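Chemist: Quick one: the structure is below, questions incoming.
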Amino acid sequence: MNEMPNIEQATDMTETKISANKVQVYYGDTHAIKDVDIEIQPRSVTAFIGPSGCGKSTFLRTINRMNDTIDICRVEGSIRIDGEDIYDPKVDPVQLRAKVGMVFQKPNPFPKSIYDNIAYGPRIHGLARNKAELDDIVSSSLQKAGLWEEVKNRLDEPGTGMSGGQQQRLCIARAIAVSPEVILMDEPCSALDPIATAKVEELIDELRENFTIVIVTHSMQQAARVSQRTAFFHLGILVEEGSTQDIFTNPKDKRTQDYITGRFG
Amino acid sequence: MSLFWLILIVLAIAVVGYVLGRARAMSSAGGVRSALHSLPSYYGANVAMKAAVPALLLLIVWLLAQPFYVNSDISAMIPDSAISDGSSRGLVLAEVRRAARGLDNAVAAGAMTEEFARNARADFNDITVRLKEAGQIVTSEITQPVLRAAQRYRVLAAAGNFYMTIAVILVAIVGALWGLRETNAQFRARNTVEKGVRVILIAAASIAILTTIGILLSLVFNTVEFFKLYPAADFFFGLTWSPSFSGRGGSSELGIIPLLWGTFYISFVALAVAVPIGLFAAIYLAEYAGSKVRAVAKPLLEILAGIPTIVYGLFALLTVGPLLLSVFGDNGIGIMKAGTAVMTAGLVMGVMLIPFVSSLSDDIINAVPQAMRDGSYGLGATKSETVKNVILPAALPGIVGAILLAASRAIGETMIVVLGAGAAARLSLNPFEAMTTVTAKIVSQLTGDADFASPVALVAFALGMTLFVVTLGLNIVALYIVRKYREQYD
């Protein structure tokens, strides 16, 4: 992965990190996602917006194959990351998820110490050869997540004892600790108050330097604030996708316009 | 009048009260339902409650108190000289009650008249003969004091029953009238009934608690009695268990250590079987099995819990014992003498405990929030890593609770031990030797011709008390572990 800060404007980039082609998702008999084609650029923030039940979270979860953990869920079509089809039988979903991290709607720190929460991923993937390296990973992950100053003196306290906003940043730090290339965020601020939300948004903006971020959000202001590109989903269909500025100022589709002007959803 | 009819009469008064109360409420509101504070049925229920509940309470108290009064009265009639050697006042009183019942039956059968049965001058030899002729079993000759006491007993019992009937019916009627009197449109019958329901529920809860206290007290008193006859130090630290039923327990050695050793050894083997198998089965069912497998496998596993323990005992005796014997017995390795052994009982008991461990653990694992699993899978953990690092630590307090519950059952189990482990109290490390447990010995001390005044029988209560304290201690430890190591999640 290229650790160098990207000098170009994210919106001007033409390379592709993730490309989805004719993706269909079924829950039992329900056809939840229909014919989604999208290209996601590296080192940028892409926001998925749309009304509840439109399939944006479901589509997000196909990118790291989290839907595999649901019995009745079936995915068709192809999703490529760096040109490699992640639904190829040769791909190990467990390895994939180390490369494509995920942050969930509700902060879900493990009922362990702050240190153990961050060290969880590096430990199972054997990323640290000794305690010192593990300490380094933990402290650098917490620093990147902007949490280090707040917790450096209480790393052995339970992660569940922190405030909601801190818990969510802990979950982001936990995802960073396995050095993924892509981070998926499923409404990461919906359980947080405005101040905690602002901190997380600031963090997302900083993380853009090193990671490809896909974020599902219910708040259109949030999408406008943090993302470079925006995709609007409606009833399982990707209605419109483009630069965030275009989507919010000059939507091509009537449904997009109705949604962002608050006529439904 | 028999108890059955008395209860029926009280209930009839309550039903009549219900109907009258309802009607009175309606008429007091001039037939307009909306003018009443409560629904008409609440007024009826109020009257019925006031008729039935106090009357039935009085009935229960009376039935409990009357025998005490009668016993103390007739006990005073029996002089010490009438109690022969080797007998006790309790036995003579039992004789009196038997004689009284014999007289009752004889009168009912027409062998003698009521006047004759009550006649204070009746010759006791004549009465004995007549009772025997009437087919009423009289163990020995009825003596003069016993006959007088029996006659007195009958008089007191009859009078008691008569007054009880009067009092109970009176209380029921007064209660009904009280309920009817306060019935009018403004009366808050609904609130009163609510209070009544509360009282009834409290009574039910108290009965459960009081019963526990009662059981504990009966154990305590008999245990104290035992320690008066047998030194406590010998009981708790004695290494030999050899009760001698002859000579009134004088030469018995009643050391609990061999029994406790057997209990813990067998329980340990049982848990060593049940905990890994049960826990792994629970993890499979909760985390790996598809919904179809789960729908079939879980009930099947729980069927194991429904098998009566005596059937497990037969399984141990007829199948597991001989099987182990063929491998470890004289034809095999040669360390097992007979089919009954610690291993036999322990293995079978372990099988019995599997569903307890697995079913409880399964529920607890399912209660771990899905968000924990998602978090772990999202970081690229496999299923078994997730189970080991996230789910088991989060479910640990509950699982420890399940294991300790299983341990309590293992310690209290009797039938499998009786059939599978033998009856020899022995201190040995060899799991292929016969041993026995506290519960099995309680059974053998109390069955047969037990004389409740001898240490050989009373020791059963001390054993029971020890067992009670041990399981109580286990539960306290379990609570402590659960509180201390709980990994909080929400």
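The values are calculated or read from the model by the stated rules, or taken from the named source; none is laboratory data. Quick caveat, the model's predicted, so the values are computed rather than measured. Heads up, the Cβs are rebuilt from the backbone with ideal geometry, glycines too, and the neighbour counts pull from every protein chain shown.
Chemist: Answer yes if at least one residue in region B:88-95 is assigned by TED's automatic domain parsing to the domain that holds residue B:147, basic (Lys, Arg) and in contact (Cβ under 8 Å) with a residue 40 or more places away in the chain, and no otherwise. Walk me through how you get there before you give the answer.
Modeler: Start the filter on region B:88-95 by keeping residues that are assigned by TED's automatic domain parsing to the domain that holds residue B:147, which leaves B:88-95.
With the extra rule that they be basic (Lys, Arg), the set shrinks to B:89.
Within this subset, residues satisfying the condition of being in contact (Cβ under 8 Å) with a residue 40 or more places away in the chain are none.
Checked region B:88-95: no residue is assigned by TED's automatic domain parsing to the domain that holds residue B:147, basic (Lys, Arg) and in contact (Cβ under 8 Å) with a residue 40 or more places away in the chain.
Chemist: Another question, then. Which one of the conditions (1) at pLDDT 90 or above; (2) touching a Pro at 6+ places or on another chain (Cβ under 7 Å); (3) at the interface with chain B (Cβ under 9 Å from one of its Cβ atoms) does residue A:113 fail to meet, given that it meets all the rest?
Modeler: It is condition (3) that residue A:113 fails.
Chemist: Could you count how many residues in region B:374-395 are closer than 17 Å to residue A:93 by Cβ and within 7 Å of chain A (Cβ to nearest Cβ)?
Modeler: So the count comes out to 9.
Results for (1) under 28 Å from the mean Cα position of the chain (by Cα); (2) part of a helix (DSSP H, G or I); (3) of a type in the set (Ser, Thr, Tyr); (4) under 27 Å from residue B:469 (Cα atoms), shown as yes or no for each residue.
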position	(1), (2), (3), (4)
B:264	yes, yes, no, yes
B:275	yes, yes, no, yes
B:287	no, yes, no, no
B:315	yes, yes, no, no
B:320	no, yes, no, no
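Chemist: Answer with yes or no whether residue A:170 is within 14 Å of chain B (Cβ to nearest Cβ), within 16 Å of residue A:46 (Cα to Cα) and surrounded by 24 or more Cβ atoms within 10 Å (Cβ to Cβ).
Modeler: The answer is no for residue A:170.
Chemist: Hey, any hits in region A:249-259 for a residue that's under 16 Å from residue A:56 (Cα atoms) and within 14 Å of chain B (Cβ to nearest Cβ)?
Modeler: Scanning region A:249-259, I find no residue that is under 16 Å from residue A:56 (Cα atoms) and within 14 Å of chain B (Cβ to nearest Cβ), so the answer is no.
Chemist: Answer yes if at least one residue in region B:112-120 is assigned to a helix (DSSP H, G or I), under 30 Å from residue B:10 (Cα atoms), at pLDDT 75 or above and not small (Gly, Ala, Ser), and no otherwise. Can you show your working first?
Modeler: Kept after step one, since they are assigned to a helix (DSSP H, G or I), are these residues of region B:112-120: B:114-118.
Those still in the list that are under 30 Å from residue B:10 (Cα atoms) too: B:114.
Remaining after also requiring at pLDDT 75 or above: none.
No, there is no match, as no residue in region B:112-120 is assigned to a helix (DSSP H, G or I), under 30 Å from residue B:10 (Cα atoms), at pLDDT 75 or above and not small (Gly, Ala, Ser).
Chemist: Now for a separate question. Being under 32 Å from the mean Cα position of the chain (by Cα), away from chain A (no Cβ under 14 Å) and not hydrophobic (A, V, I, L, M, F, W, C) is the requirement here; does residue B:420 meet it?
Modeler: Working: under 32 Å from the mean Cα position of the chain (by Cα): yes; away from chain A (no Cβ under 14 Å): yes; not hydrophobic (A, V, I, L, M, F, W, C): yes.
So residue B:420 passes the test.
Chemist: Evaluate the following for residue B:471: is it assigned to a helix (DSSP H, G or I), at pLDDT 90 or above, away from chain A (no Cβ under 14 Å) and more than 24 Å from residue B:90 (Cα to Cα)? Explain how you work it out, then say what you get.
Modeler: Details: assigned to a helix (DSSP H, G or I): yes; at pLDDT 90 or above: no; away from chain A (no Cβ under 14 Å): yes; more than 24 Å from residue B:90 (Cα to Cα): yes.
No: the conditions fail for residue B:471.
Chemist: Okay, next question. Take the residues of region A:52-95 that are of a type in the set (D, E, K, R) and at positive phi: which is farthest from the chain's Cα centre (by Cα)?
Modeler: Taking region A:52-95 as the starting set, the residues that turn out to be of a type in the set (D, E, K, R) are A:56, A:61, A:65, A:68, A:71, A:74, A:76, A:80, A:82, A:84-85, A:88, A:90, A:92.
Now restrict to residues that are at positive phi: A:65, A:82.
Values: A:65: 13, A:82: 17 Å.
If we take residues in region A:52-95 being of a type in the set (D, E, K, R) and at positive phi, then A:82 is farthest from the chain's Cα centre (by Cα).
Chemist: Please report, ordered by residue number, the helices (runs of 4 or more DSSP H) entirely within region A:156-265 with at least 3 residues that are more than 30 Å from residue A:133 (Cβ to Cβ) and among the aliphatic types (A, V, I, L, M). If you could, list the steps in order and put the result at the bottom.
Modeler: Numbers: elements: A:164-176, A:194-207, A:220-226, A:244-249, A:254-260.
By residue number, A:194-207, A:220-226.
Chemist: Still on this structure, I have one more. Can you name the residue in region A:117-157 that is within 14 Å of chain B (Cβ to nearest Cβ) and without any contact (Cβ under 8 Å) to a residue 24 or more places away in the chain and, of all such residues, is farthest from residue A:167 (Cα to Cα)?
Modeler: Ranking the qualifying residues of region A:117-157, first place goes to A:126.
Chemist: Now for a separate question. Has region B:213-229 got at least one residue that is in contact with a Pro (Cβ under 8 Å, 6 or more places away or on another chain) and outside the structural domain of residue B:262 (by TED's automatic domain parsing)?
Modeler: So the first thing to find is which residues in region B:213-229 are in contact with a Pro (Cβ under 8 Å, 6 or more places away or on another chain), and the list is B:226, B:229.
If we keep only those that are outside the structural domain of residue B:262 (by TED's automatic domain parsing) as well, we get B:226, B:229.
So far as region B:213-229 goes, yes, one or more of its residues are in contact with a Pro (Cβ under 8 Å, 6 or more places away or on another chain) and outside the structural domain of residue B:262 (by TED's automatic domain parsing).
Chemist: State whether one or more residues within region A:91-101 are within 26 Å of residue A:260 (Cα to Cα) and either within 14 Å of chain B (Cβ to nearest Cβ) or in a loop (DSSP other than H, G, I, E, B) (or both). Steps first, answer last, please.
Modeler: Step one: filter region A:91-101 for residues within 26 Å of residue A:260 (Cα to Cα), giving none.
Checked against the condition, which is being within 26 Å of residue A:260 (Cα to Cα) and either within 14 Å of chain B (Cβ to nearest Cβ) or in a loop (DSSP other than H, G, I, E, B) (or both), region A:91-101 yields no hits at all.
Chemist: Can residue B:65 be described as farther than 11 Å from residue B:179 by Cα and either over 32 Å from the mean Cα position of the chain (by Cα) or without any contact (Cβ under 8 Å) to a residue 12 or more places away in the chain (or both)?
Modeler: Working: farther than 11 Å from residue B:179 by Cα: yes; either over 32 Å from the mean Cα position of the chain (by Cα) or without any contact (Cβ under 8 Å) to a residue 12 or more places away in the chain (or both): yes.
Yes; evaluated as a whole, the condition is true for this residue.
Chemist: Turning to a different aspect of this structure: Considering A:19, A:78, which residue is farther than 27 Å from residue A:204 by Cα, modelled with pLDDT of 90 or more and not charged (D, E, K, R)? Steps first, please.
Modeler: Details: A:19 fails: farther than 27 Å from residue A:204 by Cα.
Step by step, each of A:19, A:78 is checked, and only A:78 is farther than 27 Å from residue A:204 by Cα, modelled with pLDDT of 90 or more and not charged (D, E, K, R).
Chemist: With within 25 Å of residue B:311 (Cβ to Cβ) and of a type in the set (Val, Ile, Thr) as the only criterion, which of B:382, B:437 stands out? Working first, answer last.
Modeler: Values: B:382 fails: within 25 Å of residue B:311 (Cβ to Cβ).
Answer to the check: B:437.
Chemist: To continue, here is another question. Being under 30 Å from residue B:36 (Cβ atoms), surrounded by 12 or more Cβ atoms within 10 Å (Cβ to Cβ) and at pLDDT below 85 narrows it down to one of B:106, B:185, B:189, so name that one.
Modeler: Numbers: B:106 fails: under 30 Å from residue B:36 (Cβ atoms); B:189 fails: at pLDDT below 85.
The unique qualifying residue is B:185.
Chemist: Sticking with this one: Any residue in region B:350-359 that is away from chain A (no Cβ under 14 Å), farther than 24 Å from residue B:263 by Cβ and outside any helix (DSSP H, G or I)? Steps first, please.
Modeler: Residues of region B:350-359 that are away from chain A (no Cβ under 14 Å), as a first pass: B:350-359.
Then keep just the ones that are farther than 24 Å from residue B:263 by Cβ; that gives B:359.
Still in the list and also outside any helix (DSSP H, G or I): none.
No, that holds for no residue.
Chemist: Right, next: Restricting attention to region A:221-260, which residues are among the aliphatic types (A, V, I, L, M) and either in contact with a strand residue (DSSP E or B) (Cβ under 6 Å, 6 or more places away or on another chain) or crowded, with 22+ Cβ neighbours inside 10 Å (or both)?
Modeler: Restricting attention to region A:221-260, the residues satisfying the condition of being among the aliphatic types (A, V, I, L, M) are A:223-224, A:226, A:231, A:235, A:237-239, A:247, A:260.
Listed by number, the residues that qualify are A:223, A:226, A:231, A:237, A:238, A:239, A:247.
Chemist: Contact list please: Cβ distance under 7 Å, first residue in region A:53-77 and more than 11 Å from chain B (Cβ to nearest Cβ) and of a type in the set (Lys, Arg), second residue outside any loop (DSSP other than H, G, I, E, B) and surrounded by fewer than 17 Cβ atoms within 10 Å (Cβ to Cβ), pairs at least six apart or on different chains.
Modeler: A:74/A:26
Chemist: Taking into account only those residues within region B:399-417 that are under 18 Å from the mean Cα position of the chain (by Cα) and not aliphatic (A, V, I, L, M), which is farthest from residue B:366 (Cα to Cα)?
Modeler: Step by step, filter region B:399-417, then rank; the result is B:414.
Chemist: Does residue B:293 satisfy the criteria of being free of Cβ contacts under 8 Å to residues at least 24 places away in the same chain and hydrophobic (A, V, I, L, M, F, W, C)?
Modeler: On the way: free of Cβ contacts under 8 Å to residues at least 24 places away in the same chain: yes; hydrophobic (A, V, I, L, M, F, W, C): yes.
When the stated conditions are applied, residue B:293 passes them.
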